[in-house]
Amino acid sequence: MEKNKFGFVGAGKMAGAIVRGMISGGAASSGEIACVCGDDNTGRALSESTGIKLLDGLDSLCAGSATVVLACKPQQLASLSEGAASSFTGLLISILAGTSVARLRQKFPNARNIVRVMPNMPAQISMGFSCFAPEQPLSEEDGKTVYSVLSAIGDVSQVRESQLDAVTAVSGSGPGYIFEFAAAMIEAAKNMGFDGDLAKRMVLKTMSGSAELLMRSELSPEELRNAVCSPGGTTLAALSVFEAHNFRETVAEALAAADKRSKELSKL
């Protein structure tokens, strides 16, 4: 019996985003992908919406898949079948937050290679940023496989595993910082008298348009910021408040706190 190209352990939002991205991008057909899930309906829902196979357990998934993608909750790793995990000899890709390659190797001792990945929330709309770190240098074939999986949900970059806690602080948790800033701007706009719908639209279009301009422009963020400012103008008045409250120092402290917490969680 021919093996599935990919087997997903877990069928939640991130697994669903990867599966849909791979199918729509042509990295794999629905018939080449299988999944298993825990005691919930996520596997059946993903199978019905995408046409992938829903298998009854990890044993059949590991035996029947060339590449396994771990997309369950980190705390579920310990409960995975020891026999099935130890029998797997293919490529293992893990998006389990805070779970080191060493811990994954203990669970999957015979995997050909292990790749640890930190994606982020915009992967749900195929606009994410994922950093990955392989246990060993990737073969050409395995490299193509990793990129086919991760490019389905956005941009991809390889880093050292020692950098993944910092990646978590910057891009993994980063959407939360953006959402909080958006919420603060919307709240301020409403306090200025705008209704909720207009305040939200005004802020989100400003943020998305500015991000797109920053992506396309050859200018640095500071140069673009300066282009908005006029001497004695409104933008400088606002930016002076940020500066007075040590905005950049606050951002640096926040990312350092996230980095520290990521390191702590990886040791649990």
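Apart from one condition, Arg116 fits all of (1) under 24 Å from the mean Cα position of the chain (by Cα); (2) surrounded by fewer than 20 Cβ atoms within 10 Å (Cβ to Cβ); (3) closer than 27 Å to Cys131 by Cβ; the exception is (2). Looking across region 55-89, the residues that are of a type in the set (A, V, I, L, M, F, W, C), without any contact (Cβ under 8 Å) to a residue 40 or more places away in the chain and either assigned to a helix (DSSP H, G or I) or more than 14 Å from Phe108 (Cβ to Cβ) (or both) come down to Ala63, Leu77, Ala78, Ala84, Ala85. Here Glu223 qualifies as modelled with pLDDT of 95 or more and in a helix (DSSP H, G or I). If we scan region 123-136, do we find a residue that is over 14 Å from the mean Cα position of the chain (by Cα) and among the aromatic types (Phe, Trp, Tyr)? Checked region 123-136: no residue is over 14 Å from the mean Cα position of the chain (by Cα) and among the aromatic types (Phe, Trp, Tyr). Taking Ser79 and the conditions (1) under 24 Å from Leu268 (Cβ atoms); (2) in contact with a strand residue (DSSP E or B) (Cβ under 9 Å, 6 or more places away or on another chain); (3) small (Gly, Ala, Ser), which numbered condition does it fall short on, given that it satisfies the others? With respect to (1) under 24 Å from Leu268 (Cβ atoms); (2) in contact with a strand residue (DSSP E or B) (Cβ under 9 Å, 6 or more places away or on another chain); (3) small (Gly, Ala, Ser), Ser79 is out only on (2).
Only residues that are surrounded by 13 or more Cβ atoms within 10 Å (Cβ to Cβ) and either out of contact with any Gly (no Cβ under 7 Å at 6 or more places or on another chain) or closer than 17 Å to Ser126 by Cα (or both) were counted in region 19-30, giving 8. Here Lys53 fulfils each of the conditions (1) among the charged types (D, E, K, R); (2) farther than 24 Å from Glu141 by Cβ; (3) surrounded by 14 or more Cβ atoms within 10 Å (Cβ to Cβ); (4) at pLDDT 95 or above apart from (2).
A residue that is touching a strand residue (DSSP E or B) at 6+ places or on another chain (Cβ under 8 Å), in a loop (DSSP other than H, G, I, E, B) and polar (S, T, N, Q) occurs somewhere in region 95-108. Against the list (1) at pLDDT 95 or above; (2) not assigned by TED's automatic domain parsing to the domain that holds Arg103, the condition Ser262 fails is (1).
Applying a threshold of 7 Å to beta carbon distances and a minimum spacing of six or more residues, or different chains, the list of pairs starting in region 184-206 at a residue that is over 17 Å from Ala238 (Cβ atoms) and ending at one that is basic (Lys, Arg) and in a helix (DSSP H, G or I) reads Gly196/Lys190. For Gln136, the requirement of being assigned to a loop (DSSP other than H, G, I, E, B) and out of contact with any helix residue (DSSP H, G or I) (no Cβ under 9 Å at 6 or more places or on another chain) is met. Evaluation of Lys3 against the conditions (1) under 21 Å from Gly154 (Cβ atoms); (2) in contact with a strand residue (DSSP E or B) (Cβ under 8 Å, 6 or more places away or on another chain); (3) touching a residue at least 60 places away in the same chain (Cβ under 8 Å) shows that the sole unmet condition is (1). Scanning region 156-180 for residues that are in a helix (DSSP H, G or I), surrounded by 13 or more Cβ atoms within 10 Å (Cβ to Cβ) and not small (Gly, Ala, Ser) yields Glu161, Gln163, Leu164, Asp165, Val167, Thr168, Val170, Pro175, Tyr177, Ile178. Please verify whether region 166-176 includes one or more residues that are more than 20 Å from Ser130 (Cα to Cα), modelled with pLDDT of 95 or more and not assigned by TED's automatic domain parsing to the domain that holds Ile125. No: region 166-176 contains no residue that is more than 20 Å from Ser130 (Cα to Cα), modelled with pLDDT of 95 or more and not assigned by TED's automatic domain parsing to the domain that holds Ile125. Spot the failing condition for Ala11; the list is (1) closer than 17 Å to Lys144 by Cβ; (2) assigned to a loop (DSSP other than H, G, I, E, B); (3) at pLDDT 95 or above; (4) not basic (Lys, Arg), and only one is missed. Of (1) closer than 17 Å to Lys144 by Cβ; (2) assigned to a loop (DSSP other than H, G, I, E, B); (3) at pLDDT 95 or above; (4) not basic (Lys, Arg), only one is false for Ala11: (1).
Taking region 130-144, which residues are surrounded by fewer than 22 Cβ atoms within 10 Å (Cβ to Cβ) and touching a residue at least 40 places away in the same chain (Cβ under 8 Å)?
Residue satisfying the conditions is Asp142 alone.
The values are calculated or read from the model by the stated rules, or taken from the named source; none is laboratory data. From a predicted model like this one, the values you see are computed outputs, not experimental measurements. Note that we place each Cβ from the backbone using ideal geometry, even for glycine, and neighbour counts take in every protein chain shown.
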